[in-house]
Amino acid sequence: MGPELGIPLYRWDKMRANNFEWWRERVRAVRRVFHLFRIDHVLGFYRIYAFPWRPRKNKQFFPLDWNQMLERTGGRAPHFVPRNDETAETREANKREGEEFLRVVLEGAGTTRVIGEDLGVVPDYVRPNLRALGIAGFKIPQWESHGEQVTPGSEYERLSVATYTTHDHKPIRALWEEAFEHPTATSEQSRFDLAKVAVFAGFNPTIDQVDFEKDFYPAIMEALFKSEAWIAIVMITDLLARKYRFNIPGTKANLNWARRIRRSLAQLRSSPKERRRMRLIHELLVKTGRV
């Protein structure tokens, strides 16, 4: 395989040597445009899982067992950088350094608010550390639970951002189509996710007889807005109940990051259906005290 390595990682030691000026410059540029911004994959500030091959070679490596993979990489294995979370000492070191790096971002941000995308397999020290720093994390209702119980929005930390989907997820309407209208290989997972959303919104999880537009859509929007989260965000495709995706992680599909709203604002405004939808959303925002 030769010397080829995976996606380049931040050289925090080099950044520390000049007082993290590269990060400070990035934050200064962002704050000139936005009053709040999100750090993607904030877990990578604490530790990041690195592969010794480029993503385009994933299909070659995933079918291999561990020994076959090592043979192809010359003995290099995927691993956490700078260290794993397997001991109390390494966890504490990762937490300490992650906090150091994030404090640099916060110093540069000043009064600009910072949000951290803390999704995925999250070490137990990360979210408390983000809260201590004043960085809001994400709440995806269908992923938030205590044991088997879906966490109600009334129990969300105030310092959080609640949303059902991000650019990497199927919109709610697409889940609904897969679950109840056009069965696919992932229909069972879609029904499972929607059942959790239903519980969050106060429905019985058996929702196959519920009307999406008349019953489900208003209820899930109200539940999200009613949550204790500081910010409730609805992705444009969820707001308009569209089914198309912006990105399918791990793929190089031509449509990734290329989607555009198919109708102009003037066309949306002229649609009685969309006007009714926006009136509903405005009423719910007023009712839940978000406007």
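The values are calculated or read from the model by the stated rules, or taken from the named source; none is laboratory data. Predicted model, so just to flag it, every value in this text is computed and none were measured. Please note: Cβ atoms are built from the backbone with ideal geometry, for glycine as well, and neighbour counts cover all protein chains shown. With ligands, DNA and RNA removed, areas are computed over all heavy atoms of the protein, side chains included. Shrake-Rupley method; radii C 1.70, N 1.55, O 1.52, S 1.80 Å.
For the stretch 13-30, check the following and say yes or no: at least one residue is of a type in the set (S, T, N, Q) and surrounded by 15 or more Cβ atoms within 10 Å (Cβ to Cβ). No. Condition first: within 26 Å of L130 (Cβ to Cβ), touching a Ser or Thr at 6+ places or on another chain (Cβ under 8 Å), assigned to a loop (DSSP other than H, G, I, E, B) and not acidic (D, E). Can you find one or more residues in the stretch 39-59 that meet it? No, the stretch 39-59 contains no residue that is within 26 Å of L130 (Cβ to Cβ), touching a Ser or Thr at 6+ places or on another chain (Cβ under 8 Å), assigned to a loop (DSSP other than H, G, I, E, B) and not acidic (D, E).
Of R54, R32, R26, R76, all but one fail to be closer than 22 Å to G137 by Cα and over 21 Å from the mean Cα position of the chain (by Cα); the exception is R26. Evaluating T151 against the criteria (1) surrounded by 14 or more Cβ atoms within 10 Å (Cβ to Cβ); (2) under 13 Å from the mean Cα position of the chain (by Cα) leaves one unmet condition, (2).
Filtering the stretch 266-279 to residues that are among the hydrophobic types (A, V, I, L, M, F, W, C) and either over 13 Å from L239 (Cβ atoms) or outside any helix (DSSP H, G or I) (or both) leaves only A266. Residues in the stretch 1-12 that are closer than 19 Å to V126 by Cβ and open to solvent by less than 70 Å² (accessible area, probe 1.4 Å) were compared, and the one that is modelled with the highest pLDDT is W12.
Scanning the stretch 199-215 for residues that are closer than 30 Å to P128 by Cβ and part of a loop (DSSP other than H, G, I, E, B) turns up A201, G202. Pairs are defined by a Cβ separation below 6 Å, a sequence spacing of at least 6 or placement on different chains, a first member in the stretch 203-225 that is closer than 13 Å to R191 by Cβ, and a second member that is in a helix (DSSP H, G or I) and open to solvent by 30 Å² or more (accessible area, probe 1.4 Å); the pairs so defined are P205/V199; D208/F180. When the stretch 160-209 is filtered for residues that are among the β-branched types (V, I, T), more than 23 Å from F138 (Cα to Cα) and buried (at least 17 other Cβ atoms within 10 Å of the Cβ), only I207 remains.
Within the stretch 90-97, is there a residue that is of a type in the set (S, T, Y) and in contact with a Leu (Cβ under 8 Å, 6 or more places away or on another chain)? No, there is no match, as no residue in the stretch 90-97 is of a type in the set (S, T, Y) and in contact with a Leu (Cβ under 8 Å, 6 or more places away or on another chain). Would it be correct to say that E274 is buried (at least 16 other Cβ atoms within 10 Å of the Cβ), within 25 Å of the chain's Cα centre (by Cα) and of a type in the set (D, E, K, R)? Answer is no for this residue.
When the residues of the stretch 90-134 are narrowed to those that are closer than 12 Å to L43 by Cβ and among the β-branched types (V, I, T), which ends up modelled with the lowest pLDDT? Top of the filtered list is V121.
Output yes when any residue across the stretch 2-12 is of a type outside the set (K, R), part of a helix (DSSP H, G or I) and touching a residue at least 60 places away in the same chain (Cβ under 8 Å), and no when none is. Yes; the residues of the stretch 2-12 include at least one that is of a type outside the set (K, R), part of a helix (DSSP H, G or I) and touching a residue at least 60 places away in the same chain (Cβ under 8 Å). Put simply, of R269, R259, R276, R263 the only residue that is of a type outside the set (A, V, I, L, M) and closer than 15 Å to K170 by Cβ is R259.
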